[in-house]
Ligand SMILES: C[S@@+](CC[C@H](N)C(=O)[O-])C[C@H]1O[C@@H](n2cnc3c(N)ncnc32)[C@H](O)[C@@H]1O
């Protein structure tokens with residue numbers, strides 16, 4: 001997607017209202033429905049799908065935080081964490097609490113900084129206000145993360161949730177990541193990828209449905225990362241959840257009599273879901 005397309009989507013009043021009402025001004029990620037999938041009949045109008053959706057997105061975020069806790073010692077001196085595509089900022093609010101709670105007597109004097117780069121000024125505004133209400137200290141930059149203001153190798157951890165598929169030029173993305181991430185620094189991210197068995201025709205279908213000009217298979221993303229000295233260390237897939245997620249969004253849009261534009265947007269995601277998989281991945285810059 002190009003910058004204008006991303007900006008237009010997140011400033012569209014109908015989508016702003018939809019995300020606010022049904023996503024709850026926290027996350028815009030793909031939820032984790034494990035454990036609750038079997039009991040779900042998506043067509044059943046009795047089920048509170050909005051609560052179900054928000055719980056699943058929150059569960060996904062808990063899982064990502066679990067990964068972060070395992071790879072990063074947040075009580076260390078000089079931790080610099082950057083979120084690429086911060087959205088409405090709930091992940092960074094959770095990381096702020098994590099860092100704050102993990103600081104020991106020794107670590108109390110430690111320097112740490114949390115940065116959130118986000119293109120959409122609408123998302124930044126929501127984020128700023130929520131951070132103000134909870135006194136959360138995150139340095140929000142309403143800027144493109146493909147062109148950050150960081151010095152070389154100054155970031156210890158990059159996190160990103162369901163955002164990199166929106167970046168058209170992944171070479172530019174990895175160039176910037178390689179430049180700013182310290183050696184031995186990690187990327188802990190979630191995103192969606194084209195299934196490994198997809199044909200070129202399938203890729204075209206997905207690109208058309210989602211208006212995305214470059215959708216990669218996970219293996220292609222990993223190979224590209226390797227050319228920037230960035231290696232995959234760990235992964236967890238949740239392909240089924242991705243299908244459920246967009247079905248839930250689609251049913252919410254229909255049941256709440258949203259416009260054709262919103263309903264069709266989620267219908268396209270439902271149709272694209274059969275070609276896609278989602279997961280959480282840990283990468284490391286090795287030199
Ligand atoms: C699907 S949303 C996910 C938001 C958040 N990570 C979450 O999970 O709730 C993707 C976000 O990335 C932002 N984004 C996409 N490309 C960007 C770029 N190049 N620079 C900064 N932000 C970007 C979009 O504006 C959007 O808010």
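Values in this text are rule-based calculations from the coordinates and carry no lab data. Note that the structure is a prediction, hence the values are computed from the model and not measured. Cβ placement follows ideal geometry from the backbone for every residue including glycine, while neighbour counts extend to all protein chains displayed.
So for the pair residue 129, residue 9, with labels modelled 7 Å out along Cα→Cβ, what separation do we get in nm?
The two pseudo-label positions are separated by 2.3 nm.
Taking the Kirkwood radius as the inverse of the mean 1/r across Cα pairs, report the Rg/Rh of segment 141-233. Before the final figure, lay out each step's value.
Details: Rg = 14.0 Å, Rh = 14.2 Å.
Rounded to two decimals, Rg over Rh is 0.99.
Going by how many other beta carbons lie within 10 Å of each one, how would you line up 237, 10, 265, fewest first? Show your work: numbers first, answer last.
Working: 237 14, 10 19, 265 23.
With the fewest neighbours first, 237, 10, 265 line up as 237, 10, 265.
Viscosity 1.567 mPa s, temperature 4 °C: what is the translational diffusion coefficient of segment 232-277 from Stokes-Einstein with a Kirkwood Rh over Cα pairs, rounded to a whole number of µm²/s? Can you show the working numbers first?
On the way: Rh = 11.3 Å.
Reported coefficient: 114 µm²/s.
From the C-alpha gyration tensor of segment 209-287, pull out the three semi-axes of the equivalent ellipsoid (sqrt of 5λ each), sorted largest to smallest, in whole Å. Display every interim value, and only then the final one.
On the way: eigenvalues 210, 35, 17 Å².
Calculated on Cα positions only, the semi-axes equal 32, 13, 9 Å.
In degrees between 0 and 90, to the nearest 10, how far off the longest principal axis of the chain does helix 170-180 point, with axes built from Cα atoms?
30 degrees
How high is the relative contact order of segment 3-285? Use alpha-carbon pairs under 8 Å, at least six apart in sequence, and give a whole percent.
Values: 450 pairs, mean separation 56.1, N = 283.
Here the relative contact order equals 20 percent.
Summarise the long-distance tail of P(r) for segment 3-285 by giving the % of C-alpha pairs beyond 26 Å. Can you show the working numbers first?
On the way: 16971 of 39903 pairs.
Percentage above 26 Å: 43.
Quick one: 126, 172, fewest Cβ neighbours within 10 Å first, how do they rank?
Details: 126 18, 172 13.
In increasing order of surrounding Cβ atoms, one gets 172, 126.
Based on the Cβ-Cβ distance of residue 235 and residue 48, what FRET efficiency does E = 1/(1 + (r/R0)^6) give at R0 = 45 Å, to the nearest 0.05? Before the final figure, lay out the partial values.
On the way: r = 32 Å, r/R0 = 0.71.
So, using R0 = 45 Å, E works out to roughly 0.90.
In degrees, nearest 10, range 0 to 90: what is the angle between the Cα axis of helix 260-273 and the longest Cα principal axis of the chain?
Long axis of 260-273 versus the principal axis of the chain: about 70 degrees.
Using Cα atoms only, what is the angle between the long axis of helix 239-255 and the major principal axis of the chain, expressed in degrees (0 to 90) to the nearest 10?
60 degrees
Quick one: among 132, 52, 246, which has the greatest mean-square fluctuation in a GNM of the chain with alpha-carbon springs under 10 angstrom?
Result: 132 has the largest fluctuation of those listed.
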